[in-house]
Amino acid sequence: MAASFDLAPTTTALSQWFYQLYQSVSQWVGHWVSTATGYGVEIAHRLANFPAQVGPAVTSPAAWHPLLYAVLLLVMLVGVVGSVVPVLPGMTLILGAIIVWGLAVGFAGLKWALGVAIVALILSLLIDYLAGVLGAQRVGASKWGQIGAFVGMFLGLFGLLPFLPTGIPLLGILLGTVLGAFIGEFLHRRELKFGQRIVQASKVGVAIVVGTLVGTVLELLLAIISVVVFLVTTWPGSWG
(Lines give C-alpha, C1' and ligand atoms only; values in the text may rest on other atoms or scores of the structure.)
Protein backbone atom coordinates (compact mmCIF):
# COMPACT_ATOMS: atom_id res chain seq x y z
CA MET A 1 0.00 0.00 0.00
CA ALA A 2 1.48 3.35 -1.01
CA ALA A 3 2.51 5.79 1.72
CA SER A 4 0.49 8.98 1.97
CA PHE A 5 2.01 12.44 2.69
CA ASP A 6 0.22 15.20 4.57
CA LEU A 7 0.89 18.48 2.64
CA ALA A 8 -1.25 20.64 4.87
CA PRO A 9 1.58 21.85 7.19
CA THR A 10 3.80 22.76 4.22
CA THR A 11 1.00 24.60 2.48
CA THR A 12 0.19 26.49 5.66
CA ALA A 13 3.86 27.53 6.14
CA LEU A 14 4.15 28.76 2.54
CA SER A 15 0.93 30.69 2.87
CA GLN A 16 2.17 32.41 6.03
CA TRP A 17 5.52 33.22 4.39
CA PHE A 18 3.83 34.73 1.33
CA TYR A 19 1.49 36.69 3.56
CA GLN A 20 4.39 38.10 5.59
CA LEU A 21 6.25 38.94 2.36
CA TYR A 22 3.14 40.67 1.04
CA GLN A 23 2.83 42.68 4.26
CA SER A 24 6.51 43.71 4.13
CA VAL A 25 6.30 44.76 0.49
CA SER A 26 3.03 46.56 1.07
CA GLN A 27 4.46 48.48 4.01
CA TRP A 28 7.59 49.41 2.05
CA VAL A 29 5.59 50.54 -0.97
CA GLY A 30 3.21 52.48 1.24
CA HIS A 31 6.11 54.16 3.03
CA TRP A 32 7.83 55.02 -0.27
CA VAL A 33 4.62 56.42 -1.78
CA SER A 34 3.88 58.51 1.31
CA THR A 35 7.45 59.83 1.38
CA ALA A 36 7.46 60.64 -2.33
CA THR A 37 4.05 62.24 -2.06
CA GLY A 38 5.24 64.29 0.86
CA TYR A 39 8.25 65.49 -1.11
CA GLY A 40 6.02 66.18 -4.09
CA VAL A 41 3.60 68.21 -2.01
CA GLU A 42 6.48 70.16 -0.48
CA ILE A 43 8.04 70.85 -3.89
CA ALA A 44 4.68 71.90 -5.32
CA HIS A 45 4.13 74.17 -2.32
CA ARG A 46 7.53 75.79 -2.77
CA LEU A 47 6.99 76.27 -6.49
CA ALA A 48 3.61 77.83 -5.83
CA ASN A 49 5.11 80.24 -3.31
CA PHE A 50 8.26 80.95 -5.36
CA PRO A 51 6.92 84.04 -7.15
CA ALA A 52 5.65 85.49 -3.91
CA GLN A 53 9.00 84.91 -2.21
CA VAL A 54 11.36 85.87 -5.04
CA GLY A 55 9.19 88.32 -7.00
CA PRO A 56 9.43 91.28 -4.61
CA ALA A 57 13.19 90.89 -4.33
CA VAL A 58 13.68 90.74 -8.10
CA THR A 59 11.25 93.50 -8.99
CA SER A 60 12.36 95.88 -6.26
CA PRO A 61 14.20 99.01 -7.47
CA ALA A 62 17.22 98.06 -5.37
CA ALA A 63 17.62 94.91 -7.48
CA TRP A 64 17.31 96.19 -11.05
CA HIS A 65 18.02 99.94 -10.88
CA PRO A 66 21.80 99.48 -10.59
CA LEU A 67 21.82 97.14 -13.59
CA LEU A 68 19.72 99.53 -15.66
CA TYR A 69 21.95 102.43 -14.63
CA ALA A 70 25.07 100.57 -15.76
CA VAL A 71 23.49 99.61 -19.09
CA LEU A 72 22.41 103.20 -19.74
CA LEU A 73 25.90 104.46 -18.97
CA LEU A 74 27.27 102.09 -21.61
CA VAL A 75 24.66 103.40 -24.06
CA MET A 76 25.77 106.96 -23.26
CA LEU A 77 29.40 106.06 -23.90
CA VAL A 78 28.35 104.77 -27.32
CA GLY A 79 26.63 108.13 -27.80
CA VAL A 80 29.85 109.97 -26.92
CA VAL A 81 31.68 107.92 -29.55
CA GLY A 82 28.83 108.61 -31.95
CA SER A 83 29.40 112.35 -31.60
CA VAL A 84 32.73 111.75 -33.36
CA VAL A 85 31.88 108.85 -35.68
CA PRO A 86 29.06 109.90 -38.04
CA VAL A 87 27.67 106.39 -38.54
CA LEU A 88 26.68 106.15 -34.85
CA PRO A 89 23.99 108.25 -33.12
CA GLY A 90 25.42 110.77 -30.71
CA MET A 91 23.34 113.12 -28.59
CA THR A 92 20.16 111.33 -29.64
CA LEU A 93 21.40 108.18 -27.93
CA ILE A 94 22.42 110.07 -24.79
CA LEU A 95 19.09 111.88 -24.53
CA GLY A 96 17.24 108.60 -25.09
CA ALA A 97 19.16 106.93 -22.27
CA ILE A 98 18.32 109.80 -19.91
CA ILE A 99 14.64 109.55 -20.81
CA VAL A 100 14.67 105.78 -20.15
CA TRP A 101 16.19 106.40 -16.72
CA GLY A 102 13.60 109.06 -16.08
CA LEU A 103 10.79 106.63 -16.90
CA ALA A 104 12.31 104.15 -14.45
CA VAL A 105 12.66 106.56 -11.53
CA GLY A 106 9.86 108.97 -12.29
CA PHE A 107 12.18 111.75 -13.54
CA ALA A 108 13.19 112.48 -9.97
CA GLY A 109 16.21 114.79 -9.94
CA LEU A 110 16.57 114.76 -13.73
CA LYS A 111 15.67 118.39 -14.40
CA TRP A 112 19.24 119.51 -15.03
CA ALA A 113 20.37 116.38 -16.84
CA LEU A 114 17.35 116.34 -19.15
CA GLY A 115 17.51 120.08 -19.85
CA VAL A 116 21.23 120.01 -20.66
CA ALA A 117 20.79 116.99 -22.93
CA ILE A 118 17.95 118.64 -24.88
CA VAL A 119 19.91 121.86 -25.33
CA ALA A 120 23.01 119.88 -26.32
CA LEU A 121 21.01 117.94 -28.92
CA ILE A 122 19.65 121.15 -30.48
CA LEU A 123 23.11 122.74 -30.51
CA SER A 124 24.71 119.64 -32.00
CA LEU A 125 22.19 119.64 -34.85
CA LEU A 126 22.88 123.31 -35.54
CA ILE A 127 26.63 122.79 -35.35
CA ASP A 128 26.47 119.77 -37.61
CA TYR A 129 24.73 121.85 -40.25
CA LEU A 130 26.53 125.16 -39.86
CA ALA A 131 30.10 123.96 -39.39
CA GLY A 132 30.48 122.47 -42.83
CA VAL A 133 28.06 124.65 -44.76
CA LEU A 134 29.27 128.04 -43.52
CA GLY A 135 32.90 127.04 -43.88
CA ALA A 136 32.28 125.96 -47.44
CA GLN A 137 30.25 129.04 -48.32
CA ARG A 138 33.00 131.36 -47.05
CA VAL A 139 35.32 130.12 -49.78
CA GLY A 140 32.59 129.97 -52.42
CA ALA A 141 32.12 126.21 -52.44
CA SER A 142 29.59 124.83 -54.88
CA LYS A 143 27.05 122.09 -54.27
CA TRP A 144 29.37 119.73 -56.09
CA GLY A 145 32.10 120.37 -53.54
CA GLN A 146 29.75 119.78 -50.61
CA ILE A 147 28.35 116.60 -52.16
CA GLY A 148 31.85 115.39 -52.88
CA ALA A 149 32.83 116.03 -49.28
CA PHE A 150 29.90 113.93 -48.05
CA VAL A 151 30.67 111.06 -50.43
CA GLY A 152 34.35 111.15 -49.53
CA MET A 153 33.55 111.17 -45.82
CA PHE A 154 31.32 108.12 -46.25
CA LEU A 155 33.94 106.22 -48.25
CA GLY A 156 36.69 107.17 -45.85
CA LEU A 157 34.64 106.16 -42.83
CA PHE A 158 34.41 102.56 -43.99
CA GLY A 159 37.93 102.44 -45.42
CA LEU A 160 36.68 102.12 -48.98
CA LEU A 161 39.19 104.53 -50.43
CA PRO A 162 41.86 102.63 -52.40
CA PHE A 163 44.73 104.05 -50.35
CA LEU A 164 43.00 103.52 -46.97
CA PRO A 165 42.76 99.74 -46.67
CA THR A 166 43.25 99.93 -42.91
CA GLY A 167 39.74 101.26 -42.41
CA ILE A 168 40.72 103.73 -39.67
CA PRO A 169 37.47 105.73 -39.25
CA LEU A 170 38.80 109.14 -38.16
CA LEU A 171 41.70 109.18 -40.63
CA GLY A 172 39.39 107.98 -43.37
CA ILE A 173 36.84 110.67 -42.59
CA LEU A 174 39.39 113.48 -42.76
CA LEU A 175 41.17 112.36 -45.91
CA GLY A 176 37.96 111.23 -47.57
CA THR A 177 36.27 114.57 -46.90
CA VAL A 178 39.25 116.54 -48.26
CA LEU A 179 39.54 114.47 -51.41
CA GLY A 180 35.80 114.34 -52.00
CA ALA A 181 35.42 118.09 -51.68
CA PHE A 182 38.48 118.68 -53.85
CA ILE A 183 37.32 116.35 -56.64
CA GLY A 184 33.73 117.63 -56.59
CA GLU A 185 34.79 121.26 -56.69
CA PHE A 186 37.48 120.62 -59.31
CA LEU A 187 35.04 118.89 -61.65
CA HIS A 188 32.48 121.67 -61.25
CA ARG A 189 34.80 124.67 -61.84
CA ARG A 190 35.34 124.07 -65.52
CA GLU A 191 35.14 127.77 -66.30
CA LEU A 192 38.40 128.37 -64.42
CA LYS A 193 41.89 127.67 -65.66
CA PHE A 194 43.60 124.52 -64.46
CA GLY A 195 45.70 126.28 -61.83
CA GLN A 196 42.75 128.30 -60.55
CA ARG A 197 40.64 125.14 -60.36
CA ILE A 198 43.34 123.49 -58.24
CA VAL A 199 43.49 126.47 -55.86
CA GLN A 200 39.73 126.78 -55.55
CA ALA A 201 39.23 123.04 -55.00
CA SER A 202 41.97 123.02 -52.36
CA LYS A 203 40.39 125.94 -50.50
CA VAL A 204 37.02 124.20 -50.47
CA GLY A 205 38.50 120.93 -49.23
CA VAL A 206 40.41 122.60 -46.41
CA ALA A 207 37.46 124.81 -45.41
CA ILE A 208 35.05 121.90 -45.22
CA VAL A 209 37.48 119.77 -43.22
CA VAL A 210 38.24 122.58 -40.78
CA GLY A 211 34.54 123.21 -40.31
CA THR A 212 33.92 119.49 -39.83
CA LEU A 213 36.71 119.22 -37.25
CA VAL A 214 35.47 122.23 -35.30
CA GLY A 215 31.93 120.90 -35.36
CA THR A 216 33.07 117.44 -34.27
CA VAL A 217 35.03 118.83 -31.33
CA LEU A 218 32.08 120.93 -30.22
CA GLU A 219 29.67 118.00 -30.50
CA LEU A 220 32.07 115.82 -28.51
CA LEU A 221 32.23 118.43 -25.75
CA LEU A 222 28.44 118.71 -25.66
CA ALA A 223 28.11 114.93 -25.38
CA ILE A 224 30.67 114.71 -22.57
CA ILE A 225 29.02 117.59 -20.69
CA SER A 226 25.62 115.89 -20.94
CA VAL A 227 26.95 112.61 -19.56
CA VAL A 228 28.85 114.35 -16.75
CA VAL A 229 25.77 116.33 -15.71
CA PHE A 230 23.74 113.12 -15.69
CA LEU A 231 26.32 111.38 -13.51
CA VAL A 232 26.64 114.26 -11.06
CA THR A 233 22.88 114.69 -10.63
CA THR A 234 21.88 111.02 -10.50
CA TRP A 235 24.78 109.04 -9.04
CA PRO A 236 24.04 109.65 -5.30
CA GLY A 237 20.52 108.23 -5.57
CA SER A 238 20.89 105.80 -8.46
CA TRP A 239 21.48 102.71 -6.32
CA GLY A 240 18.54 103.16 -3.99
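The values are calculated or read from the model by the stated rules, or taken from the named source; none is laboratory data. Because the structure is predicted, anything quoted here is derived from the model rather than measured. A quick note on method: Cβ atoms are made from the backbone with ideal geometry, for glycine too, and the neighbour counts reach across all protein chains shown.
Points to keep in mind about this one:
- Some residue of region 70-83 being part of a helix (DSSP H, G or I), at pLDDT below 90, within 30 Å of Val178 (Cβ to Cβ) and hydroxyl-bearing (Ser, Thr, Tyr): no
Per-residue answers, yes or no, for (1) buried (at least 18 other Cβ atoms within 10 Å of the Cβ); (2) out of contact with any Gly (no Cβ under 9 Å at 6 or more places or on another chain); (3) farther than 18 Å from Gly79 by Cα:
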{"position": "Leu192", "(1), (2), (3)": "no, yes, yes"}
{"position": "Val204", "(1), (2), (3)": "yes, no, yes"}
{"position": "Ile208", "(1), (2), (3)": "yes, no, yes"}
{"position": "Gly211", "(1), (2), (3)": "yes, no, yes"}
{"position": "Leu220", "(1), (2), (3)": "no, no, no"}
{"position": "Ile224", "(1), (2), (3)": "no, yes, no"}
{"position": "Trp235", "(1), (2), (3)": "no, yes, yes"}
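- Contacts under 8 angstrom Cβ, first residue in region 125-149 being modelled with pLDDT of 70 or more, partner polar (S, T, N, Q) and outside any helix (DSSP H, G or I), 6 or more apart: none
- Residue in region 156-173 that is at pLDDT 75 or above, of a type in the set (A, V, I, L, M, F, W, C) and touching a helix residue (DSSP H, G or I) at 6+ places or on another chain (Cβ under 9 Å) present: no
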